[in-house]
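The block underneath contains the structure these notes are about, expressed in structure tokens.
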Amino acid sequence: MFLNILNDAEKTAFLQLAMICAKADGMIREEENEVLQVYCDEMDIQMPKFGAKIDYIVECFDNEKEKYNREIEEILSNFSKTRTIDVDTGRAMEKDPALPSNALAMMFIGKARLLKIVYFELIALIYSDGEVSPIEADILKRFEPDLKTKELENFAILQTKELKNLAIALTNQLNFVKTIELLNARSK
């Protein structure tokens, strides 16, 4: 839903995190693969090929925790820039020191808001198979400190639990719609 405002580095980082979560139990299930493809479609990119790196990171979780931590932190470091979003076009730009003349048409996006988007979207993938693996739980937990900070006084900041509940509810509703569509297709 919100992935279109990510820049190229953030899109790649998001997909790396998503693929790590999908591969956390040793295989990417059909439900997870569908969600990954929806992410790529939303971001208007092809599914990247970094399977070997994903396998390496997942393997490091159990065997070499320090390497795993470094890899995840490196991925998360891609979500550190503040920028503006043109509300009319949805295009992201790195934040300029001076506000543009059309400042009312811009929306300020900081690191915490970007992480909320990534967190929210990852939950849809993580809960698509009904299980939360230790790697998935670890990745979600890494977002919590940044999600609890206030960026701007004028924006309501949702807490981690609320984001999680909203994402799970949305995922459940989307799965329900998919079930109805399948039943409808079978009845014809």
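The values are calculated or read from the model by the stated rules, or taken from the named source; none is laboratory data. Because the structure is predicted, anything quoted here is derived from the model rather than measured. Reconstructed Cβ throughout: ideal geometry from the backbone, glycine too, with neighbour counts over all protein chains shown. To get the accessible areas, we keep the full protein, side chains included, count just its heavy atoms, and leave off ligands, DNA and RNA. Shrake-Rupley method; radii C 1.70, N 1.55, O 1.52, S 1.80 Å.
Number of residues in the range 13-64 that are closer than 17 Å to residue 122 by Cβ and of a type in the set (Gly, Ala, Ser) equals 4. Could you tell me which residue of the range 1-15 is nearest to residue 62 (Cα to Cα), considering only residues that are open to solvent by 20 Å² or more (accessible area, probe 1.4 Å) and at pLDDT 90 or above? Per the criteria, the residue is 12. Answer yes if at least one residue in the range 32-39 is within 16 Å of residue 119 (Cβ to Cβ) and either in contact with a strand residue (DSSP E or B) (Cβ under 6 Å, 6 or more places away or on another chain) or in a helix (DSSP H, G or I) (or both), and no otherwise. Within the range 32-39, one or more residues are within 16 Å of residue 119 (Cβ to Cβ) and either in contact with a strand residue (DSSP E or B) (Cβ under 6 Å, 6 or more places away or on another chain) or in a helix (DSSP H, G or I) (or both). Among the residues of the range 138-148, those that are open to solvent by less than 60 Å² (accessible area, probe 1.4 Å) and at pLDDT below 80 comprise 146, 147. Count of the range 30-52 residues, restricted to those that are open to solvent by 70 Å² or more (accessible area, probe 1.4 Å), more than 16 Å from residue 128 (Cβ to Cβ) and not polar (S, T, N, Q), is 3.
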